Amino acid sequence: MDNTASITDIDYDTIVIGGGIAGVSIAYELAEHRSVAVLERESTLAYHTTGRSAATFLESYGNAVVRALTRSSREFFTSPPEFVDGPLTADLPLLVIAGEGELDALHALHDAVTATSNKHAGTVRHTSVALIDAHEAETINPMLRPGYTDLAMVDYGSLELDVHGLHQGFLRGLRRRGGAVMKSAGLVSARRERSAWLLEDAAGNRLRARTVVNAAGAWCDDVARMFGAAPIGIQPMRRTAFMVPGPKTIPAEFSAAPRTMTMSASEDFYFKPDGAGFLCSPAEETPQPPSDANPDDLEIARAIERLNEATRLEVRSVSTSWAGLRNFTADRTPVVGPDPVVDGLFWFAGQGGYGIQMAPALARAGASLADSGGLPVDLLEAGVSAAALAPGRTALAA
Ligand SMILES: Cc1cc2nc3c(=O)[nH]c(=O)nc-3n(C[C@H](O)[C@H](O)[C@H](O)COP(=O)(O)OP(=O)(O)OC[C@H]3O[C@@H](n4cnc5c(N)ncnc54)[C@H](O)[C@@H]3O)c2cc1C
């Protein structure tokens, strides 16, 4: 083994581990000023969580930092750059419904969302959030069972996203900037040699880079250990999704109504129209080790019960189901920044249940922190801070 690596032995300025939405988006941004390669363990990119999402953009979802990053990503989605094959969005208002026992949860959500809206009033011009009564909720989504909903919150600014188009767009942009993508290239070891990292993949290929970005989703803590860094406590949480056929009789009002994403205030189910059927989820958060996640039949049965209680979907069968891991930190905020101890290791982790909708702004945040140590002005103005994203923040020290 060569122990005399000098700066001239560098293959890439930066190697990004992980070819999901996190990896390709930050790789694209970094490639503006650096030579960049993405290493992906699977033979297909976006095979894990990125390929298994519900494809929604919900500014009312997640904590204040997540919402700020989501708001700051809106323009990218609605007016994508030329290297992305648009359009990436379709209108999909979010309806959060409260049945019996869910009013407190609904009011808490509404208070949190409107508090953020007031604080950053200049940047939420697209979002229109309101509490509405049962009648209005049932008019917006005629698939709701009359009499189930007590009160609801509508967010007219929510969108449906083309996740594949977004991922492909970042990939195209990365390649145009000279970036490389290596599939079936799972990182198995990392060794510091002078001012560079020597990386080895499962096939024995070796690469050198000055900086490594850890964008390995559920495996971020495992990857960190390869660099001798302390894990930050990423907890993968399984979430199941499934498709059901539409009911035998679709109410005429439904065909005329706008498509909506409908979620219970206690987040124990959601559904949205998808083709001729509906995409549904029990919205569970079941802790699991990193893995190729499988759907949970018991959770599906529970969700069907809830859906049949709250809606007129008349769910009797499931056409297909899948699951993915949503990867959370202790404070449910992503981790973006240099490792506090290990030189040349940069975290881009903990995207949770929002990694698609935040991707454009989070990637800009990551590249800016990597390049200059600071955040772009628009993200600071939107309420994001480097401290809130920092790997060394106290909220992560459990
Ligand atoms: C059911 C469900 C619904 C969701 N709905 C939404 C939604 O509507 N909107 C939204 O914004 N978000 C949603 N999410 C969350 C979103 O999908 C994630 O936040 C996002 O996909 C995370 O992307 P990622 O790149 O971090 O992870 P991944 O896509 O999992 O990518 C990580 C990659 O790293 C690779 N890797 C790991 N270890 C190594 C190694 N040693 N060497 C090389 N490669 C490695 C893996 O193979 C993997 O491809 C949902 C998630 C689920 C499960």
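The values are calculated or read from the model by the stated rules, or taken from the named source; none is laboratory data. Please read these numbers as outputs of a predicted model, since none were measured by experiment. Note that each Cβ is placed from the backbone with ideal geometry, even for glycine, and that neighbours are counted across all protein chains shown.
With respect to P245, determine if the residue is under 30 Å from I15 (Cα atoms) and either among the hydroxyl-bearing types (S, T, Y) or out of contact with any Leu (no Cβ under 6 Å at 6 or more places or on another chain) (or both). No; evaluated as a whole, the condition is false for this residue.
Is it the case that G86 is at pLDDT 95 or above and either near the ligand (Cβ under 9 Å from one of its atoms) or under 30 Å from I140 (Cα atoms) (or both)? Walk me through how you get there before you give the answer.
Working: at pLDDT 95 or above: no; either near the ligand (Cβ under 9 Å from one of its atoms) or under 30 Å from I140 (Cα atoms) (or both): yes.
Here the answer is no, as G86 does not meet what is asked.
If the condition is being within 9 Å of the ligand (Cβ to nearest atom), assigned to a loop (DSSP other than H, G, I, E, B) and of a type in the set (S, T, Y), then the range 13-63 contributes T44, Y47, S53, Y61.
For A203, the test of being crowded, with 23+ Cβ neighbours inside 10 Å, within 15 Å of the ligand (Cβ to nearest atom) and of a type in the set (A, V, I, L, M, F, W, C) is failed.
If only residues of the range 235-262 that are surrounded by fewer than 16 Cβ atoms within 10 Å (Cβ to Cβ) and charged (D, E, K, R) are counted, the one that is nearest to the ligand (Cβ to nearest atom) is R259. Residues in the range 256-283 that are free of Cβ contacts under 8 Å to residues at least 40 places away in the same chain, in a strand (DSSP E or B) and either among the acidic types (D, E) or closer than 15 Å to A137 by Cα (or both): D274 only. With respect to the stated conditions, A323 is part of a strand (DSSP E or B) and crowded, with 22+ Cβ neighbours inside 10 Å. In the range 374-393, the residues that are on the phi > 0 side of the Ramachandran plot reach residues that are assigned to a helix (DSSP H, G or I) and surrounded by fewer than 21 Cβ atoms within 10 Å (Cβ to Cβ) with C-beta atoms within less than 7 angstrom, at least six apart or across chains, in these pairs: G383/A64; G383/K119. Could you run through the range 273-302 and say how many residues are touching a strand residue (DSSP E or B) at 6+ places or on another chain (Cβ under 9 Å) and under 25 Å from I250 (Cβ atoms)? Here the count works out to 12. The residues on offer are V315, V341, V336, and the sole one that is closer than 23 Å to P142 by Cα and either part of a strand (DSSP E or B) or not small (G, A, S) (or both) is V315.
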